Amino acid sequence: MKHLYAIVSWGIVALSVLHMLATLHIFHSLNSAALWFFSGGITLALTGILNLLHRTYGHIAPGLRKVCIGTNILMTVFGVLSGIVTHAGIASFALVLGLIGGATVLSFSRRALIQPATLTA
């Protein structure tokens, strides 16, 4: 489960990079819509990084665990609503919810976290 959590978390980061790069393709000028779209990529990147931090330090930082779980729940709800409102295609909807929803489920499991004894300096 530790490896799956890492894969899902890095997948969110990779999706965020694609989202930010897509801004350049979709928008041909810098405007408020382009900035909002780009900010979605930033939000995804921070969510992925938060999950990576939780995976590594969740056992010794209970506050981090709570923030990560809360963020994942919020992002999952937002992803569902966004997919419905924008009439997202089934593939993109499944990808986003698979990654964010997967991170949400894994963030609840202590078995997905690296044990403190296995941390190296």
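The values are calculated or read from the model by the stated rules, or taken from the named source; none is laboratory data. What you see is a predicted model; the values in this text were computed from it and never measured. Heads up, the Cβs are rebuilt from the backbone with ideal geometry, glycines too, and the neighbour counts pull from every protein chain shown. Protein only, heavy atoms only, side chains kept; ligands, DNA and RNA dropped before computing areas. Shrake-Rupley method; radii C 1.70, N 1.55, O 1.52, S 1.80 Å.
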_How large are Rg and Dmax for region 1-50 when calculated on the C-alpha trace, in angstrom?_
12.6, 43
*Classify region 57-121 as rounded, prolate or oblate from the Cα gyration tensor: take a ≥ b ≥ c as the square roots of its eigenvalues, call it rounded if a/c is under 1.5, otherwise prolate when a/b beats b/c and oblate if not.*
prolate
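If you take the beta carbon distance between LEU64 and LEU97 as r and set R0 to 22 Å, what does 1/(1 + (r/R0)^6) give as a FRET efficiency, to the nearest 0.05?
With R0 = 22 Å, the Cβ-Cβ based efficiency is 0.40.
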*Based on a Kirkwood Rh over C-alpha pairs, give the Stokes-Einstein translational diffusion coefficient of region 1-104 at 10 °C and viscosity 1.306 mPa s in µm²/s.*
112 µm²/s
*How much accessible area does ILE73 have with a 1.4 Å probe, in Å² rounded to the nearest 10?*
80 Å²
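By the gyration tensor of its Cα atoms, with a ≥ b ≥ c the square roots of the eigenvalues, what is the shape of region 39-79: rounded for a/c under 1.5, prolate for a/b over b/c, or oblate?
Working: a/c = 3.17, a/b = 1.67, b/c = 1.90.
The shape class here is oblate.
Would you be so kind as to identify all helices of the chain, as entire DSSP H runs, whose Cα atoms reach 20 Å or more along the helix's own axis and whose mean Kyte-Doolittle hydropathy is at least 1.6?
90-108
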_Leaving out ligands and nucleic acids, and using a 1.4 Å probe, what accessible area per residue does region 49-121 come to in Å²?_
59 Å²
_Leaving out ligands, DNA and RNA, and with a 1.4 Å probe, what % of the accessible surface on the chain is carbon or sulfur?_
77 percent
